[in-house]
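**Q** Handing you this structure, nothing more for now.
The values are calculated or read from the model by the stated rules, or taken from the named source; none is laboratory data. These figures come from a predicted structure and were not determined experimentally. Virtual Cβ from ideal backbone geometry, glycine too; neighbours counted across all protein chains shown. Just the protein is used for accessible areas: all its heavy atoms, side chains included, with ligands, DNA and RNA removed. Shrake-Rupley method; radii C 1.70, N 1.55, O 1.52, S 1.80 Å.
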Number of protein chains: 2
Amino acid sequence: MTRLFNDPARFTDDMITGFAAAHPEHVRAVPGGVVRARPTPAGKVAVLTGGGSGHYPAFCGVVGPGFADGSVIGDVFTSPSAARARSVAEAAEAGGGVLFLFGNYAGDVMNFGLAARQLTGDGIPAHCFAVTDDIASAPADQTARRRGIAGGFVVFKTASAAAEEGAPLEDVIRVAEHTNARTRTLGVAFDGCTLPGGETPLFTVPEGRLGLGLGIHGEPGVSEDALGTAEELARTLVTGLLADRPVDAGDGGRVAVVLNGLGATKYEELYVLWGAVVRLLDDAGLTPVRPEVGELVTSLDMAGCSLTLTWLDDELERLWRAPADTPAFRRGALTEPPAGTTADTTAADTAVRNAEAPRRRDRAAAASGAAAEAAEVAVHALRAARDVLHRDAEALGRLDAVAGDGDHGRGMCKGVDAALAAAEKAHAERLAPAAVLTAAGDAWAAEAGGTSGALWGAALRALGAVLPADRAPGREDLASAAMEALTAVTSLGGAEVGDKTLVDALAPFATAFAMRLRAGAPVAEAYASATAEARTAAENTATLRPRLGRARPLADRSVGTPDPGATSLAAVLTAVANLPTTTGSDAV
Amino acid sequence: MTRLFNDPARFTDDMITGFAAAHPEHVRAVPGGVVRARPTPAGKVAVLTGGGSGHYPAFCGVVGPGFADGSVIGDVFTSPSAARARSVAEAAEAGGGVLFLFGNYAGDVMNFGLAARQLTGDGIPAHCFAVTDDIASAPADQTARRRGIAGGFVVFKTASAAAEEGAPLEDVIRVAEHTNARTRTLGVAFDGCTLPGGETPLFTVPEGRLGLGLGIHGEPGVSEDALGTAEELARTLVTGLLADRPVDAGDGGRVAVVLNGLGATKYEELYVLWGAVVRLLDDAGLTPVRPEVGELVTSLDMAGCSLTLTWLDDELERLWRAPADTPAFRRGALTEPPAGTTADTTAADTAVRNAEAPRRRDRAAAASGAAAEAAEVAVHALRAARDVLHRDAEALGRLDAVAGDGDHGRGMCKGVDAALAAAEKAHAERLAPAAVLTAAGDAWAAEAGGTSGALWGAALRALGAVLPADRAPGREDLASAAMEALTAVTSLGGAEVGDKTLVDALAPFATAFAMRLRAGAPVAEAYASATAEARTAAENTATLRPRLGRARPLADRSVGTPDPGATSLAAVLTAVANLPTTTGSDAV
């Protein structure tokens, strides 16, 4: 379990401080993560790795010459927010554009995607690439749905090496795609890990058993088997990977190989396993090129390991072998001298300050009297949401621990606290409802991170966008606002009704609310009956088998448990329904 | 726990195979361990690290240019035998002499000491240096009794860098001594680890507690405390080290620092802790120089960490900063190109082959008829020892698990199996009793390794050395043989009666046996009554508080449990006493 921390809520901040202090010759802390100690050379593509922390040396341990230009660091097992991604990108970019590289998880896809769109809108060409190497997470004909695990290391390495050679952004993206298409990983878990401050592990594996394909956050795998000898495990892993050999793997028999320990499965064990793996690869006519045996993508102190194969061609072999010099990984000799801690960082510092400045678009309009009342209601609603989320935080965490990583309650509290503070500040400045809700949404997404943070942030922004600045909102305004929020969430998250996500509660609420308002019902009545439908729908998610999201691609163990996102949404809607300002008037 | 292995008895061999296969550019496997892929430059001192495995990257992970020339690899948590040390040294040495570097544990001191004496006798100047950095293992006025833990990394690094600069053997030894004198480590444990094939951990720490100074094999520490915040732990470690600041630390405020994770305490946690450590060092006026935060000396998947400070002077700072290129640790840029796998290894191969050839001194003499009968009895005795040790192996392991690492039964079985096979072979060649017992002793020490392996090997050799080759041994021969065996054991191991070691059973046996024989008693009667005394003495070790040995410097938790070494000796003596050849005749 994780034992060393001060305040669990500060774990990642404290970790970044210590990491940067330990490696001044390689990295420099910036808001949202780290960048190289020496600025990215002018014109070079800035390659940024990122994701939740808890996976060191992924992702920040591979920042330095020959590898990444920076890393966006989220809370443990939680996607960093788009604001953090933007901040690190603006500190690292040097005129060649930005490529975000991360594993294929809903929260990361959303937040890095948002950041890339915002950067591109600001004139910085930015793209995303999500690694999909985990063959256990979806069948071979649905590779795009696969998760990213330790094979990301190879994708990050080759793409970074291409950028270091001076390749333009489209070429670096091509190398990432090409490497990913030729990379396959299969992992096993022997036991789970515990989050900082957590009392119990995220998941467990029975003694003497292994979870084949169990994900690095405890996502369900393809089967549970008896734990045999190291030779038997080597056969399982090699056979599984060869059966999923990429169609375009070419004729070559040369492979990059990563035998990765997840944290508590130690080096000597990995070497015992490696001895068997290398014999089986030889039997299959495959030659390992610069294999890596060790801890490259961990999962706190989870027990288990994974084997990655990347079928190389000449270009990929050159890039895989290219020198690199980072805190956790070094290869070959680099000509660039190690950087001091006094590198010229003026330009980058300026970019960080720019990123830190709140984005003020659409916020300047002052609210008229009636609109100011609507903004007041929004602040009251957020206050009610805060109260109920703090009250239910532990229960929400327990629901989330069944199929996810148990941090839903904590994440919602972080988000709503930040959102309320931002909304109160905007309201005190007499901004319009749209500006108040945009501020709240941005703050929620930035502070909470993760999937739910991105979704709640997007929903609040969409909600506010259609509200008038000069009058009290009417029935049609409110109906539109609800439907816009639903559209924002489904288009960002990709979930549909029945996927066991918060959409299962949001969709019936928004459609019922809009329908009844448009049928002429009073606002309070329409809201109350729509909320009742959302509550019922949230409870009904207990019967569903989840299909989407980081922790859930093949899950069925959460059947019988309501979805935590739908449950927290229903709780917030109910708390708002009980506000005097909502029930007692037609103002909202 | 340790889960990946084939046959637990083959764990280390399999590990070495996989390790060498993963790092052909750095290392090459030789009998007993590994050496650099490229031969040690002519005239350079060969620096060899070593000890039991289970501590990766200690000790074999730091072999390569700028660091060690080779590493002697024992079984998990078991000192390698002198034969293994000699084999690796002969493969690595290049005319500049040999320095063995290891932690201060009884088995390592014995086996490396023996190897160094044998090498020196063969014309290869060889020395030993045992690291004593663990301040929790003995008070400041008894630093020579302290154990070696993660501070060994700094000692190995500076001594290796001095050798790489071309320093002669006496200078390299001086650097090791000087670094060790300025190096202090304090560690904590949160939970124990499990040996390959083991069912239960070697030790446990209650949830929410920490063992301050608990050793890396579970050796008792100085106290058990509540586990607080990372900042509190940082304060405990830094304060403890500063209170034990070496007297000759000089005025300088520059320190090499190692914050070491033991296996299951992961990187993010270590960085959180490092953030607090670095502030406290700054408060104390100390500047960390190229700090290392990570896993450098592990203990399988033990949970815990340690902090090491080495007060630097100009020479030590230069050596600490010097470049190195090894499988697990790289620093700076080396001009030497990485070696291929086809390096010219003819000279080294020859040395290995020489080391593998059995040492034939004193073995050539053929036994006469009566002496052949004595050799036959020796073989019968070893067979009886084998039967009883295999029968009792599990019980001996349980005794050893109380204060040691639970492998006594397994180690004795490995030793006696090898000894019996060697003795049978020597007897089939009609060699004299001395040669038969020397072969048995050498095989026991080489196969079993560890403390007990070295002691039983020495005892069998000493026993045989005084037996005549041309006649049946008489009473005086047997009395001398028993006393010689006792002397060999006490001079090699340094234990006295009352230290809770096998000497507690061996001394009463040998003295009673010799006294009764010299008083004219029949051999069988003298043997039987001496054996009875040994049995009683072995049982009485339950009341003793151990004072010696790797796992026991401050132990008191084994009070109430007999010493496993004394118990196994008494069992063997009893089994031999029950042999018809022993009881039925005076031949032995």
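**Q** Taking the label point as lying 7 angstrom from Cα along the Cα-to-Cβ axis, what are the distances from B:Thr543 to the corresponding position in the remaining copies, in ascending order and in nanometres?
**A** Shortest to longest, the spacings are 7.5 nm.
**Q** So what's the angle, to the nearest 10 degrees on a 0 to 90 scale, between helix A:433-448 and the longest Cα principal axis of chain A?
**A** Long axis of A:433-448 versus the principal axis of chain A: about 30 degrees.
**Q** Suppose a student asked you for the relative contact order of chain B, using Cα pairs under 8 Å spaced at least 6 residues apart; what percent would you report?
**A** Worked out over chain B, it gives 14 percent.
**Q** Here's another thing I want to ask about it. With axes computed from alpha carbons, what is the tilt in degrees of helix B:564-577 against the longest principal axis of chain B, rounded to the nearest 10 within 0 to 90?
**A** Computed tilt is about 20 degrees.
**Q** Round to the nearest 10 and give me the degree value, 0 to 90, for the angle of helix B:11-22's Cα axis relative to the longest principal axis of chain B.
**A** 40 degrees
**Q** Please report the net charge: other residues with Cβ closer than 11 Å to the Cβ of B:Asp13, K and R +1, D and E -1.
**A** It works out to a net charge of -2.
**Q** Can you tell me the length gained on complete extension of the stretch B:Leu242 to B:Ala395, counting 0.36 nm per residue apart and subtracting the Cα distance?
**A** 50.7 nm
**Q** Would you grab the residues whose amide H sits under 5 Å from the one on A:Glu292? Only those 5+ places off in sequence or on another chain, please, with H modelled 1.01 Å from N.
**A** The list, which skips near neighbours in sequence, is A:Val257, A:Val258, A:Leu259.
**Q** List the extent of the Cα atoms of the stretch B:252-292 along each of their three principal axes, largest first, rounded to whole Å.
**A** Cα extents, longest axis first: 34, 16, 12 Å.
**Q** Here is a follow-up. Ordered shortest first, which distances in nm separate the 7 Å Cα→C-beta label point of A:Pro580 from those of the other copies?
**A** Ordered by increasing distance: 10.5 nm.
**Q** Here's a follow-up. So for the pair A:Val289, A:Ser223, with labels modelled 7 Å out along Cα→Cβ, what separation do we get in nm?
**A** 3.3 nm
**Q** Give me the 1.4 Å probe accessible area per residue for the stretch A:8-156, excluding ligands and nucleic acids, in Å².
**A** The answer is 24 Å² per residue.
**Q** Starting from a label point 7 Å past Cα on the Cβ side, list the distances from A:Pro31 to the same position in the other copies, nm, shortest first.
**A** 6.6
**Q** Per residue, how big is the convex hull of the stretch B:221-302 when only Cα atoms are used? Give it in Å³.
**A** Hull volume over Cα atoms, normalised by residue count, gives 113 Å³.
**Q** Across 20 Å bins from the origin, how do the percents of Cα pairs in chain A run, short distances first?
**A** For chain A, the pair-distance distribution reads 21, 52, 24, 3.
**Q** Across the stretch B:65-79, in residue order, what do the Karplus-derived ³J(HN,Hα) couplings come to in whole Hz, using 6.51 cos²θ - 1.76 cosθ + 1.60 with θ = phi - 60° and x for Gly and Pro?
**A** Per residue, the Karplus-derived 3J(HN,Hα) values read x, x, 10, 6, 8, x, 9, 9, 10, x, 5, 4, 6, 10, 4 Hz.
**Q** Okay, moving on. Between A:Leu544 and residues 5 or more places away or on another chain, which pairs have amide H atoms under 5 Å apart, with H built 1.01 Å from N, and which residues are they?
**A** Amide H to amide H, under 5 Å and 5 or more residues apart or across chains, A:Leu544 pairs with A:Gly560.
**Q** Rounded to the nearest 0.05, what FRET efficiency do A:Asp13 and A:Arg430 have when you use their Cβ-Cβ distance and R0 = 25 Å?
**A** 0.15
**Q** Mind jotting down the distance between the C-alpha centroids of the stretch B:1-32 and the stretch B:291-318, whole Å?
**A** Cα centroid to Cα centroid, the span is 24 Å.
**Q** In addition: I want to verify the translational diffusion coefficient of the stretch B:159-265 in µm²/s; compute it with Stokes-Einstein, Rh as the Kirkwood radius over Cα pairs, at 25 °C and 0.890 mPa s.
**A** 149 µm²/s
**Q** What share of all Cα pairs of the protein assembly as shown, in percent, falls into each consecutive 10 Å distance bin?
**A** Binned Cα distances yield the sequence 2, 10, 17, 20, 18, 13, 9, 6, 3, 2, 1, 0, 0.
**Q** Give me the summed buried accessible area for the A-B pair, 1.4 Å probe, to the nearest 100 Å².
**A** So the total buried area for this chain pair works out to about 4600 Å².
**Q** Additional query: Given the options B:Leu186, B:Pro201, B:Ile173, identify the residue whose Cα lies farthest towards the positive end of the charge dipole of the stretch B:145-216 (+1 on Cβ of Lys, Arg; -1 on Cβ of Asp, Glu).
**A** Positive-most Cα among the choices belongs to B:Leu186.
**Q** Ignoring ligands, DNA and RNA, what percent of the 1.4 Å accessible area of the stretch A:358-583 is carbon and sulfur?
**A** Solvent-exposed carbon and sulfur of the stretch A:358-583 make up 56 percent of the total.
**Q** Under the Kirkwood approximation applied to all pairs of distinct alpha-carbon atoms, what is the hydrodynamic radius of the stretch A:380-514 in Å?
**A** Here the Kirkwood hydrodynamic radius works out to 15.2 Å.
**Q** Hey, what do the phi angles of the stretch A:122-127 turn into as Karplus ³J(HN,Hα) couplings, whole Hz, using 6.51/-1.76/1.60 and θ = phi - 60°, x for Gly and Pro?
**A** 8, x, 10, x, 9, 10
**Q** For the residue pair A:Leu280 and B:Arg471, what label-to-label distance in nm results when each label sits 7 Å from Cα along the Cα-to-beta-carbon direction?
**A** 6.5 nm
**Q** Considering every pair of different Cα atoms, what Kirkwood radius, in Å, is found for the stretch A:358-583?
**A** It is 17.2 Å.
**Q** Report, for chain A, the % of DSSP beta bridges that are antiparallel, rounded to 5.
**A** Just about 55 percent of them are antiparallel.
**Q** Okay, moving on. Just the number please: accessible area per residue for the stretch A:358-583, 1.4 Å probe, all protein chains included, in Å².
**A** 39 Å²
**Q** What three numbers, in Å, describe the spread of the alpha carbons of the stretch A:127-174 along their principal axes, ordered from the longest?
**A** Principal-axis extents of the Cα atoms in the stretch A:127-174, largest first: 36, 18, 14 Å.
**Q** In whole Å, what are the Cα extents of the stretch B:59-211 along the three principal axes, biggest one first?
**A** That works out to 53, 35, 28 Å along the principal axes.
**Q** Do any residues of the stretch A:186-200 lose at least 10 Å² of accessible area when the full set of protein chains is present rather than just their chain alone, and if so which, with a 1.4 Å probe?
**A** A:Phe190, A:Asp191
**Q** Give the percent of DSSP beta bridges with both residues in the protein assembly as shown that are antiparallel, rounded to the nearest 5.
**A** 55 percent
**Q** For the stretch B:212-264, what is the accessible area per residue in Å², given a 1.4 Å probe and the full set of protein chains?
**A** That works out to 37 Å² per residue.
**Q** Using θ = phi - 60° and the Karplus curve 6.51 cos²θ - 1.76 cosθ + 1.60, what whole-Hz ³J(HN,Hα) does each residue of the stretch A:316-332 get, with Gly and Pro shown as x?
**A** Computed from phi, the couplings for the stretch A:316-332 are 5, 5, 4, 5, 5, 7, 4, x, 8, 9, 9, x, 10, 8, 10, 8, x Hz.
**Q** Hey, got the average number of other protein chain Cβ atoms within 10 angstrom for residues in A:273-283?
**A** 4
**Q** List, in the order given, every pair from A:Lys157/B:Lys157; B:Lys157/B:Lys500; A:Lys266/B:Lys157; A:Lys266/B:Lys425; B:Lys44/B:Lys425 whose Cα-Cα distance in the structure shown is over 32 Å.
**A** Among A:Lys157/B:Lys157; B:Lys157/B:Lys500; A:Lys266/B:Lys157; A:Lys266/B:Lys425; B:Lys44/B:Lys425, the Cα-Cα distance tops 32 Å for B:Lys157/B:Lys500; A:Lys266/B:Lys425; B:Lys44/B:Lys425.
**Q** Taking beta carbons within 10 Å but only from partner chains, what does the mean come to for residues A:255-267?
**A** 5
**Q** Using the Cβ atoms and a cut-off under 11 Å, what net charge is assigned to the surroundings of B:His178, where Lys and Arg are +1 and Asp and Glu are -1?
**A** It works out to a net charge of -3.
**Q** Please report, as a whole percent, how much of the solvent-accessible surface of the stretch A:8-350 comes from carbon and sulfur atoms (probe radius 1.4 Å).
**A** For the stretch A:8-350, the apolar C and S fraction of the accessible surface comes to 52 percent.
**Q** Now, a different point. How long are the three semi-axes of the equivalent ellipsoid for the stretch A:8-350, computed from the Cα gyration tensor as the root of 5 times each eigenvalue, in whole Å, largest first?
**A** Semi-axes, largest first: 31, 23, 18 Å.
**Q** Once amide H atoms are built 1.01 Å from N in the peptide plane, which residues 5 or more positions from B:Ile73, or in another chain, come under 5 Å H to H?
**A** The answer is B:Gly33, B:Val34.
**Q** Do any residues of the stretch A:307-335 lose at least 40 Å² of accessible area when the full set of protein chains is present rather than just their chain alone, and if so which, with a 1.4 Å probe?
**A** Flagged in the stretch A:307-335: A:Arg330.
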